[in-house]
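Everything below concerns the one structure shown next.
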Amino acid sequence: ASIYTIACFLTSCQKLAEFNPAGLPVEDVYQDRVGLEGAINGCYTDLYFFHGKIDFIGPTEAGTDSWVNVGNNDIGLALYNNTLNTTTGGIRVLWNGLYSLVNYCNTAIIFSKNVTGYASQDELNAKVAEAYFIRAYANFNLVEQFGNATLSTQSAADGGVNLAPKRNTEKEFYDAIIADLKFACQNLPYTQALRGRVTKKAAYALLSKVYLQRTRLGEKEEYAKLALETAEQIINNTGTFKCALYLSDANRSGFSKLWDGANNKNNTESLFLQAIDATSGLNPEQYNR
């Protein structure tokens, strides 16, 4: 303390100028096209932990008559007994991963409001619509698996850490999900250059499913009608949406064509896929799955 006092006396305690060579302020990182699209790339990352691995299967399919886990791992998921709690691995992965997706998407959406480098608003909307879709996907799974959880529209990167979260109603979740998916349906492209990117068919398909699930909260006829109309957008325009059912012929069933290994990577019935890289290991955990 005495050395510090002497130093202050000799230098008049002028404020030190700081220089951070390690990084840029968040608002500078995301202010241009490159930074924003890096944030949108991040929105896809945690999908791997659900679909590149097996963590999604337990919370979404256990407890039914689909299968039984003879190894007794995460047995609570299958039996719905007192071992099904917040320490259960699959539950933790799903809860943490979905909220991580929401945060990444919130970051991209918030900072897209003031980004530069796009030729038009339409071009920007087509890109940020990917984040709207993934946020809707995450919130849909949150409300379906956990009920009236917390609906987050904040980003930790923007100082939006909620230290006192409150539950939202399921209706509030569905209203937000539907709004996000309407934006995605309107602005996403029909095709993408990179495999695994979201397209219009994914947004329409998920919106139809959301409408159908929304019927359990009331207004059944209205939302069932919306679900059908939204699904028919794809069913009646498969050429535009670049998708098609595999049909049976004299030699093979449509079902066998669907599961043919040759159709695995470019399956015409796939509406949204997670592009796990099995060749070069460009996954969050490399070759783990």
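The values are calculated or read from the model by the stated rules, or taken from the named source; none is laboratory data. In this text, all values refer to a predicted model and were calculated from it rather than measured experimentally. Every residue, glycine as well, gets a Cβ built from its backbone with ideal geometry; the counts of neighbours run over all protein chains shown. Side chains included, ligands, DNA and RNA excluded: accessible areas come from the protein's heavy atoms. Shrake-Rupley method; radii C 1.70, N 1.55, O 1.52, S 1.80 Å.
Laid out as a table, the results:
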{"item": "Using alpha-carbon coordinates, inclination of helix 121-146 to the longest axis of the chain, degrees", "result": "70"}
{"item": "Rounded D (µm²/s) - region 233-289, Kirkwood Rh over Cα pairs, Stokes-Einstein at 20 °C, 1.002 mPa s", "result": "159"}
{"item": "Sites E232 and R252, calculated FRET efficiency, Cβ-Cβ separation with R0 22 Å, nearest 0.05", "result": "0.20"}
{"item": "If the convex hull is drawn through the Cα atoms of region 130-205, its volume per residue in Å³", "result": "103"}
{"item": "Average Cα contact separation per residue, region 178-271, under 8 Å, 6 or more apart, as relative contact order %", "result": "22"}
{"item": "Among [x] 57, 46, 37; [y] 61, 40, 32; [z] 94, 55, 47, the entry derived from the coordinates for Cα extents along the principal axes in Å", "result": "[z]"}
{"item": "Longest DSSP-loop-exposure-free segment, GluC sites (Glu not before Pro), the chain, at most 16 other Cβ within 10 Å", "result": "19-218"}
{"item": "Accessible solvent surface per residue of the chain, calculated while the other protein chains remain in place, 1.4 angstrom probe, Å²", "result": "60"}
{"item": "Over 26 Å between alpha carbons, listed pairs K53/K166; K171/K209; K201/K225; K53/K220", "result": "K53/K166; K53/K220"}
{"item": "Qualifying chymotrypsin sites (Phe, Trp or Tyr not before Pro) for region 220-289 [loop in DSSP, other Cβ within 10 Å: at most 13]", "result": "W259, Y287"}
{"item": "Highest average packing first - 39-48, 275-284, Cβ atoms within 10 Å", "result": "39-48, 275-284"}
{"item": "Anchor K242: aspartates and glutamates whose Cα lies under 16 Å away (excluding residues fewer than 8 positions away in-chain)", "result": "E232, E269"}
{"item": "Cα→Cβ-extended label distance, 7 Å offset, between A262 and E172, nm", "result": "5.3"}
{"item": "Pairwise centroid distance, computed over Cα atoms, of region 130-166 with region 217-270, Å", "result": "29"}
{"item": "Listed peptides 207-215, 88-96 by packing density, highest first (mean Cβ within 10 Å)", "result": "207-215, 88-96"}
{"item": "Kirkwood hydrodynamic radius of region 64-204, from inverse mean 1/r over distinct Cα pairs, in Å", "result": "17.0"}
{"item": "Cα shape, region 86-132, gyration tensor, a/c 1.5 rule", "result": "prolate"}
